[in-house]
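The values are calculated or read from the model by the stated rules, or taken from the named source; none is laboratory data. As the structure is a prediction and not an experimental result, all values here were calculated from the model. In this analysis, Cβ positions are derived from the backbone assuming ideal geometry, glycine residues included, and neighbour counts consider all displayed protein chains.
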Amino acid sequence: MPIRKILVVDDSKTELLHITRLLQPHGYVVQTAENAAEALASLALDPPDLILMDVVMPGQNGFQLTRSLSRDPQYASIPIVICTSKDQATDRVWGLRQGARDYITKPLDGDELHAKIQALN
């Protein structure tokens, strides 16, 4: 199934706006959430085709949310790409071990982000 609808989870309104502006010109429908609770509510109402997940957030962080979603049969089929400023190799390995399908570091490059999304199609 092609990726058309993307949920972006990030606690920064500026980052949400930036990522939305990178995605919309490619025809993606973008939903946003500022924390894990909002992400879970959005998932329950209208599941996306892909989740772009920040790591550093108040409350449940992106690694924890990725782990719980990837292990939940209801959401396990939705690919998750970690989008974070955490650029250490150990962070990348940990994110992938939590169930993320890919990992990209900020600042995001629009072409790289689009290529990663296309690779998941």
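So, of the residues in the range 86-103 that are out of contact with any strand residue (DSSP E or B) (no Cβ under 8 Å at 6 or more places or on another chain) and either within 13 Å of residue 54 (Cβ to Cβ) or of a type in the set (A, V, I, L, M) (or both), which turns out to be surrounded by the most Cβ atoms within 10 Å (Cβ to Cβ)? Filtering the range 86-103 for residues that are out of contact with any strand residue (DSSP E or B) (no Cβ under 8 Å at 6 or more places or on another chain) and either within 13 Å of residue 54 (Cβ to Cβ) or of a type in the set (A, V, I, L, M) (or both), the one surrounded by the most Cβ atoms within 10 Å (Cβ to Cβ) comes out as 93. Within the range 14-66, track down each residue that is hydroxyl-bearing (Ser, Thr, Tyr) and either under 12 Å from the mean Cα position of the chain (by Cα) or within 24 Å of residue 115 (Cβ to Cβ) (or both). Correct list: 14, 20, 28, 32, 66.
For residue 55, the requirement of being part of a loop (DSSP other than H, G, I, E, B), out of contact with any Pro (no Cβ under 9 Å at 6 or more places or on another chain) and modelled with pLDDT of 95 or more is met. Evaluation of residue 69 against the conditions (1) surrounded by fewer than 18 Cβ atoms within 10 Å (Cβ to Cβ); (2) within 24 Å of residue 115 (Cα to Cα) shows that the sole unmet condition is (1). The set of residues from the range 70-121 being under 25 Å from residue 14 (Cα atoms) and in a helix (DSSP H, G or I) comprises 91, 92, 95, 110, 111, 112, 113, 114, 115, 116, 117, 118.
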